[in-house]
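S.K.: Can you keep this structure in mind? I'll have questions shortly.
Read-outs: derived from the displayed coordinates by stated rules, not from any lab. From a predicted model like this one, the values you see are computed outputs, not experimental measurements. Ideal geometry is used to build each Cβ from the backbone, glycine not excepted, and the neighbour counts take in all protein chains shown.
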Amino acid sequence: MTYPADTTGTPAARRPRVVILGGGFAGLTAARTLRRAPVEITLIDRTNHHLFQPLLYQVATAALDPSDITAPIRFLLRRQENATVLLARVESVDTGRRLVHLDTGMERDGKAPPKRSLPYDFLIVATGARHAYFGHEEWEPLAPGLKSLEDAIEIRRRFLLAFEHAEMALDPDEEQEHLTFVVVGGGPTGVELAGVLPQIARRTLRRDFRHIDPARARVLLLEGGERVLPAFPPEISARARRDLEALGVEVRTRCLVTRIEPDAVYAGEERIPARTVFWGAGNQASPLGRTLGVPVDRAGRVPVEDDLSIPGHPRCSWWGTLPP
Ligand SMILES: Cc1cc2nc3c(=O)[nH]c(=O)nc-3n(C[C@H](O)[C@H](O)[C@H](O)COP(=O)(O)OP(=O)(O)OC[C@H]3O[C@@H](n4cnc5c(N)ncnc54)[C@H](O)[C@@H]3O)c2cc1C
């Protein structure tokens, strides 16, 4: 691969600075693709690890450990001499002055961390996606989603604690409330999570309790649309539904969640007593897109040119992977 001479203002004496935001699949791929390019790469991530998101649900259900699905970004790029890794949260991008504003999180003398800005010649924004609660942000603490390692550990904590609370319940109704798990959203994350919960309850935890039978765990998957896995062909959705039901999951479609409370989920008017709710119903693009100074769509996605650059800013590109 050859790289065109820089004709847009980088002093000839130094190599162009490529700043990559995010060390997920996209950011790492960008960095590695540029390993032989005559550029200075700085990859910035708010965590020190690359995360294999497809196996998050295994960590969430205690089937895998966090270290099984993560690797330090620094380690992954240690042999790539043109790459530097920084741990910082990117707060915003100034496309006009070609600056990335950072929060390093590092206190000095007990004072708030000084703000830092990093200049770039070329920028790749690859900061992924996060959950969308469709205007009900107050549901987030009651129904965590699954995107990061912290999310998976929190889901694992709630899932395992539910059995502990059920074991100590004072009456059968309270016990069943603790043993009822609701997964909201029948996309891939919701389907995977709902499918694995009954297996853990019925197999892994089967002999671990004296007062409760973990196999009595009730798992509901609530999907607002016509079918689960709506982005896949109908026959895949039908097969997924059959398989989930065979695993003991109660699948409800055309079922809109209208309220979530600490001890119940409302599906329309119906109150479903449940203390543990997980969210897999919506995605939105990284909020950084909104700082780029270009129009974004309702999900926060940035429209891009054929080469992924953002309109009017050929040196800045957006590598979003949000599903349609
Ligand atoms: C539970 C789950 C299961 C999945 N299963 C599959 C599957 O089976 N097959 C499949 O193809 N895809 C699957 N996906 C989707 C796939 O994982 C994503 O499409 C992919 O991870 C997106 O890569 P990315 O690099 O764009 O973003 P991410 O992997 O999300 O990486 C973004 C990076 O940016 C960092 N970051 C974000 N904001 C900031 C900031 N402000 N400052 C600094 N750093 C920041 C994050 O820490 C992260 O490291 C799954 C996703 C999930 C959540």
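S.K.: Would you look at the GNM of the chain, springs on alpha carbons closer than 10 Å, and say which of Thr180, Thr47, Thr258 moves the most?
M.R.: Of Thr180, Thr47, Thr258, the most mobile in the Gaussian network model is Thr258.
S.K.: I'd like the chymotrypsin sites (Phe, Trp or Tyr not before Pro) in the range 79-149 restricted to DSSP loop residues with at most 14 other Cβ atoms within 10 Å, sorted by number.
M.R.: Phe134
S.K.: Mind checking the full-extension length gain between Arg14 and Arg254? Use 0.36 nm per residue of separation minus the Cα-Cα distance, one decimal, nm.
M.R.: Working: separation 240, 0.36 × 240 = 86.40 nm, distance 5.84 nm.
The span from Arg14 to Arg254 would gain 80.6 nm if fully extended.
S.K.: Here is a further query. Counting other Cβ atoms within 10 Å, which trypsin sites (Lys or Arg not before Pro) in the range 16-110 have at most 12 and lie in a DSSP loop?
M.R.: Arg36, Arg78, Arg79, Arg97
S.K.: Over the chain, what is the percentage of antiparallel beta bridges among all DSSP beta bridges, to the nearest 5?
M.R.: Within the chain, antiparallel bridges account for around 45 percent of the total.
S.K.: If you don't mind, another one. According to a simple spin-label model (label point 7 Å from Cα along Cα-to-Cβ), what is the distance in nm between Ala299 and Asp171?
M.R.: Calculated label separation equals 4.5 nm.
S.K.: Please label the shape of the range 165-224 as rounded, prolate or oblate, based on the square roots a ≥ b ≥ c of the eigenvalues of the alpha-carbon gyration tensor (a/c under 1.5 means rounded; beyond that, a/b larger than b/c means prolate, else oblate). Walk me through the numbers before you get to the answer.
M.R.: Details: a/c = 3.88, a/b = 1.66, b/c = 2.34.
Note, shape of the range 165-224 comes out oblate.
S.K.: Quick one: net charge around Leu55, please, counting Lys, Arg +1 and Asp, Glu -1 for every other residue with C-beta under 14 Å from its C-beta. Before the final figure, lay out the partial values.
M.R.: Working: positive: Lys147, Arg156; negative: Asp65, Asp68, Asp151, Glu192.
Taking every Cβ under 14 Å from that of Leu55, the sum is -2.
S.K.: Under Stokes-Einstein, with the Kirkwood radius over Cα pairs standing in for Rh, what whole-number D in µm²/s applies to the range 119-256 at 25 °C and 0.890 mPa s?
M.R.: Translational D for this selection: 147 µm²/s.
S.K.: Would you calculate a helix-derived [θ] at 222 nm for the chain, using -39,500 (n - 2.57) for each DSSP H run of n ≥ 4 and dividing by the full residue count, to the nearest 500?
M.R.: Helix contribution divided over all residues of the chain: -6000 deg cm²/dmol.
S.K.: For the range 202-298, what mean projected area does the convex hull of the alpha carbons give, in nm²?
M.R.: In nm², the orientation-averaged hull projection of the range 202-298 is 9.7.
S.K.: Also, I was wondering about something else. Relative to the longest principal axis of the C-alpha atoms of the chain, give the angle of the C-alpha long axis of helix 188-199, reported between 0 and 90° and rounded to the nearest 10°.
M.R.: On a 0 to 90 degree scale, this one is about 40.
S.K.: Ordered by residue, what ³J(HN,Hα) values in Hz, to whole numbers, does the range 149-156 give under the Karplus form 6.51 cos²θ - 1.76 cosθ + 1.60, where θ = phi - 60° and Gly and Pro are x?
M.R.: 4, 4, 4, 5, 5, 5, 5, 4
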